[in-house]
Amino acid sequence: MKLLMLYTDRFSYRPAHKTLESEPDCSEAAEIKDAVIGLVHAEASDEENASGVEKKLVKNLKWGARKNETRRIVIHTFSHLAETKASADFTKSLLVRAEERLRNAGYEVLQTPFGYFLDLDLQVPGRSTARIFTSF
């Protein structure tokens, strides 16, 4: 698992191109302020330890939010951080479970549309806690 967390003063997206035909059509744009964006890359080896990877993902996203003094988290699949990637079904399921766990812990969570390339617009302040990368 690769996770790039960006704290954003403002983050918005608009679906641009559908990449997985099995996903529902989506044209709805969204914007959120004061949020940690989790750019998540699930690797093929993560499928062997789904519960452990899920637990670490949630733990890291909570930590990133605390470091940036926010209760807002955006989960965004970003399959460009490693050479291998997990199956789409595994990744989607992982992100849905992580979102549920974060909501149950009192976080406001937005998940970007799965299976889409998005037009992204973000404003990241120039401080060290606004950019955190981890691999597990």
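The values are calculated or read from the model by the stated rules, or taken from the named source; none is laboratory data. Fair warning: this is a prediction, and the values are worked out from it, not measured in the lab. A quick note on method: Cβ atoms are made from the backbone with ideal geometry, for glycine too, and the neighbour counts reach across all protein chains shown.
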Checklist outcome for this item: Filtering the range 68-92 down to residues that are among the charged types (D, E, K, R), in contact (Cβ under 8 Å) with a residue 40 or more places away in the chain and closer than 16 Å to A105 by Cα yields R72
Checklist outcome for this item: Restricted to the range 85-136 and to residues being within 17 Å of R71 (Cα to Cα) and among the acidic types (D, E), the residue surrounded by the most Cβ atoms within 10 Å (Cβ to Cβ) is E99
Item to check | Filter result (under 16 Å from the mean Cα position of the chain (by Cα) and either modelled with pLDDT under 95 or of a type in the set (V, I, T) (or both)) within the range 1-29 | outcome: T8
Next on the checklist: Among the residues that make up the range 26-48, is at least one of them among the basic types (K, R) and either touching a Leu at 6+ places or on another chain (Cβ under 8 Å) or surrounded by 15 or more Cβ atoms within 10 Å (Cβ to Cβ) (or both)?
Outcome noted: no
Item to check | Residue, farthest from K33 (Cα to Cα), within the range 93-107, restricted to residues that are in a helix (DSSP H, G or I), touching a residue at least 40 places away in the same chain (Cβ under 8 Å) and of a type in the set (A, V, I, L, M) | outcome: L94
